[in-house]
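Participant: Please see the structure below; I have some questions.
The values are calculated or read from the model by the stated rules, or taken from the named source; none is laboratory data. It should be emphasised that the depicted structure is a prediction, and the values quoted were computed from it without experimental measurement. Cβ sites come from the backbone with ideal geometry, for glycine too, and all protein chains shown count toward neighbours. Areas reflect the complete protein model, heavy atoms only, side chains present, ligands, DNA and RNA absent. Shrake-Rupley method; radii C 1.70, N 1.55, O 1.52, S 1.80 Å.
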Amino acid sequence: MIGLALKSLQSRLFTAVLTVLAVAMSVALLIGVERIREAARNGFSDTVSGIDLIVAARGDDLQILLATVFGIGSTANSVSWETYEEIRDLPNVAWAVPLALGDTHAGFPVVGTTPEYFDHYRYGKGRPLALKDGQMLIDDTDAVIGFEVASSLGYQVGMTIVNAHGGGEIETEVHSETPFTISAVLERTGSPVDRMVFVSLEGFAAIHSEDNESTLDPLSNTGLDMTTTDVDGATTNSMDQGHDDHEHARGSINAIYVGLTAPEAALAVQRYVGEFQAEPLTAAMPTATLFRLWSITSIAEASLRAVSAAVVLAGLFGLVVMFTATLDARRREFAILRSIGATPTYVAGLVLVEAMMVALAGILIGLLSLAVILPILTPVFTQKYGLTLVFSSLSSWEIGIIGFILIAALVASVIPASRVFRQTLSDGLSIRL
Amino acid sequence: MSILSIQNLRFAWPGANQSTLNIKSFSIEPGERVLLSDRSGSGKSTLLSAIAGTIEPQRGTLSVCGTDLTELSSTERDRFRSDNIGMIHQLFNLLPFLNALDNVTLPCRFSRRRQKDLDNPRIEARRLLSAMGMDGEQLLSMPVSELSVGQQQRVAAARALIGYPPIILADEPTSALDPVSRDAFLDLVLAECLDAGSTLLFVSHDPGIAGRFDRSIDWMTVNENRSV
Ligand SMILES: Nc1ncnc2c1ncn2[C@@H]1O[C@H](COP(=O)(O)OP(=O)(O)OP(=O)(O)O)[C@@H](O)[C@H]1O
Ligand SMILES: [Mg+2]
């Protein structure tokens, strides 16, 4: 039966190949999208994999995570140096790295921190940060920049840059008095670190110590902040919420990355921080917080899935069209088979087997082309987005999709196959002019 | 007992106001080789379809090899046909995408009886084809749609003969053959029938071949309804 179905398909090679390709494309797209989605999630989780807790002024976990790890938005308030020291010295805390946040340089977040940051931050599958060029942060006026900062601004080790104060796209204040010298450029990580500028806590504080002296009138400035003059006052005002009261005094920080001696201690430390006496604090668990992020992004993911599901439907529709369109031309083929003894069930089975073969071939070719294309795309994705696309085993959802395609192909071919039963033999045996 | 026996048979094509077949009584004895001839459109092909069970008569009985076809379900008729009847269609009805050998051996797939009686259908197919002058690997392995009309007709004949069916129905199988091929063809068909003890019902307009059959029947004398 399979041999016969194959030869029959072969005689309609062109339409058959087109249909197989339609199915293959929809399978490849569907699973490809799924893989990228998965890789994105894994990329996010990897980014926070080295951090057990993030301590910041009392606020929303998600907001803290976005502000610290991803450099998006800001934390509510600052945390005192004494608090940092107290948390660092807790028995279950292995390490604690202070972070000062809230500045940008040419749109890239500036982070004030200590050299331990580079020791403890992990990306990818637990990889530490590596230097592409230069030496780690030594002096107050040194800056270590992420790969993307360097490449998009054309910065190199030894260059002197000037920092702007305030979060957001537009630089409202230029601190021309506090230049930084680039001491190192980091290797590409594919994590938010690529987009960050790191300075020492003292350097970070120095940006702001001048704020008291300089008059903050954007229009009076020249040079870099010419962009601001194009923007009306409302935009400028909205920037202010990013850096409340300019309270970046030396020794004042915004968040603390905490590594624990044992992961089991997380809840205890979290509770301790939550009940902290000196000031209201929140300890966010990065991995748990990410799940909240997923619940937000899942709407976008669902629409992505819906689009690829629509493509699968289009592919299946092509299958139905092919089988229905060729059925009229094949009445004679079916009648001949029946006249030499094939039962209607056999002939209908032939149609179903054919549909299965087309669907299976489509699925196989789709998966194979993914297996070929993903490894080619992986370097690009890793470089650009730090995502690692893996084409290992299929997830149960993907197996479900493949099963659905097979069943749908079967159902689609039942319509043409059932017509075999309604045709009388003599219908097909004489040639209709 | 007659191998084919028809009593009071009536058949009309759907939508036709006259019946195409109206037969009081007609029978053929086992092993008989019968020639049937008449004018075009008189219902000869229709009669063969009825005997093969691809159409259902509205009235009467039609028994083949002792089985009344009018009492069988369509699936039973399919099985009966594949086991007992070898038919050469006027329009050949070959599967265009299969080669000659595959077309000839196709009925053996569907008939358990033919499978049982043949050790190797392909060897038998080669024997039948080469007896009709069709030799050569290339000829046998290309799709039948690329064969000449006369070659296709011989493939259709070999397909009907394979597996020694008790009844061979031939609907103008020599219409596309030259006299030499026609004689070779007749030789084979008649010899095969003799060999297997098959009964042959042969429709032809060819006046030159009547002498080679046991009986020659003018269809006009059998079918009472004249639609033409
Ligand atoms: N599939 C069909 N559907 C409807 N009517 C048909 C069909 N086949 C044949 N007929 C009608 O039945 C009548 C007999 O046709 P049939 O093919 O049996 O003639 P025939 O004797 O075999 O002619 P020929 O010698 O030309 O082959 C014709 O009048 C034709 O119109
Ligand atoms: Mg005819």
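Participant: Is it the case that the range B:54-67 has a residue that's within 19 Å of B:GLU224 (Cα to Cα), away from ligand 2 (no atom under 16 Å from the Cβ) and among the β-branched types (Val, Ile, Thr)?
Facilitator: yes
Participant: One residue is enough: does the range B:110-122 have a residue meeting the conditions assigned to a loop (DSSP other than H, G, I, E, B), among the polar types (S, T, N, Q) and within 16 Å of ligand 2 (Cβ to nearest atom)?
Facilitator: No: the range B:110-122 contains no residue that is assigned to a loop (DSSP other than H, G, I, E, B), among the polar types (S, T, N, Q) and within 16 Å of ligand 2 (Cβ to nearest atom).
Participant: Quick check on my filter: what residues within the range B:151-179 are out of contact with any strand residue (DSSP E or B) (no Cβ under 6 Å at 6 or more places or on another chain), more than 16 Å from ligand 2 (Cβ to nearest atom) and open to solvent by 10 Å² or more (accessible area, probe 1.4 Å)?
Facilitator: B:GLN151, B:ARG154, B:TYR164, B:PRO166, B:LEU177, B:ASP178, B:PRO179
Per-residue answers, yes or no, for (1) within 16 Å of ligand 2 (Cβ to nearest atom); (2) facing another protein chain (nearest Cβ under 10 Å); (3) outside any loop (DSSP other than H, G, I, E, B):
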residue: B:ASP83; (1), (2), (3): no, yes, yes
residue: B:LEU94; (1), (2), (3): no, yes, no
residue: B:ASN103; (1), (2), (3): no, yes, yes
residue: B:LEU128; (1), (2), (3): no, no, yes
residue: B:MET134; (1), (2), (3): no, no, no
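Participant: If you don't mind, there's one more thing I want to ask. Does the range B:182-203 include one or more residues that are within 16 Å of ligand 2 (Cβ to nearest atom), open to solvent by 50 Å² or more (accessible area, probe 1.4 Å) and either more than 14 Å from chain A (Cβ to nearest Cβ) or at pLDDT below 90 (or both)?
Facilitator: no
Participant: Looking at this structure, is A:LEU367 out of contact with any Leu (no Cβ under 7 Å at 6 or more places or on another chain), crowded, with 17+ Cβ neighbours inside 10 Å and either in the same structural domain as A:THR15 (by TED's automatic domain parsing) or not polar (S, T, N, Q) (or both)?
Facilitator: yes
Participant: Could you figure out which of (1) within 11 Å of ligand 2 (Cβ to nearest atom); (2) open to solvent by 20 Å² or more (accessible area, probe 1.4 Å); (3) within 15 Å of B:VAL222 (Cβ to Cβ); (4) free of Cβ contacts under 8 Å to residues at least 60 places away in the same chain isn't true of B:SER45?
Facilitator: All conditions are met except number (4).
Participant: Of all the helices (runs of 4 or more DSSP H) wholly in the range A:1-97, which have at least 1 residues that are over 25 Å from the mean Cα position of the chain (by Cα) and modelled with pLDDT of 85 or more?
Facilitator: Numbers: elements: A:2-10, A:13-47, A:61-68, A:81-88.
Helices (runs of 4 or more DSSP H) meeting the threshold: A:2-10, A:13-47, A:81-88.
Participant: May I ask you to say which residue of B:ILE51, B:ILE55 is aliphatic (A, V, I, L, M) and modelled with pLDDT of 90 or more?
Facilitator: Numbers: B:ILE55 fails: modelled with pLDDT of 90 or more.
The unique qualifying residue is B:ILE51.
Participant: Here are the criteria: (1) surrounded by 22 or more Cβ atoms within 10 Å (Cβ to Cβ); (2) more than 16 Å from ligand 1 (Cβ to nearest atom); (3) without any contact (Cβ under 8 Å) to a residue 40 or more places away in the chain. Tell me which single one B:VAL64 does not satisfy.
Facilitator: Just one mismatch for B:VAL64, condition (3).
Participant: Starting from residues that are out of contact with any Asp or Glu (no Cβ under 9 Å at 6 or more places or on another chain) and surrounded by 22 or more Cβ atoms within 10 Å (Cβ to Cβ), keep the ones in the range A:317-329 and report whichever is nearest to the other protein chains (Cβ to nearest Cβ).
Facilitator: Ranking the candidates gives A:MET322 first.
Participant: Filter the range B:41-57 for residues that are assigned to a loop (DSSP other than H, G, I, E, B) and within 14 Å of chain A (Cβ to nearest Cβ); which is farthest from ligand 1 (Cβ to nearest atom)?
Facilitator: Step one: filter the range B:41-57 for residues assigned to a loop (DSSP other than H, G, I, E, B), giving B:41-43, B:53-57.
With within 14 Å of chain A (Cβ to nearest Cβ) added as a condition, the list becomes B:41, B:43, B:53-57.
On the way: B:GLY41: 5, B:GLY43: 4, B:GLY53: 15, B:THR54: 10, B:ILE55: 8, B:GLU56: 13, B:PRO57: 13 Å.
Once the filter is applied, the top-ranked residue is B:GLY53.
Every residue, every condition in (1) out of contact with any Gly (no Cβ under 6 Å at 6 or more places or on another chain); (2) β-branched (Val, Ile, Thr); (3) closer than 15 Å to A:ILE54 by Cα; (4) crowded, with 23+ Cβ neighbours inside 10 Å, yes or no:
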| site | (1), (2), (3), (4) |
| --- | --- |
| A:PRO98 | yes, no, yes, yes |
| A:GLY102 | no, no, no, yes |
| A:VAL110 | yes, yes, no, yes |
| A:PHE118 | yes, no, no, no |
| A:ARG122 | no, no, yes, no |
| A:LYS132 | yes, no, no, no |
| A:GLN135 | yes, no, no, no |
| A:ALA143 | yes, no, no, yes |
| A:GLU148 | yes, no, no, no |
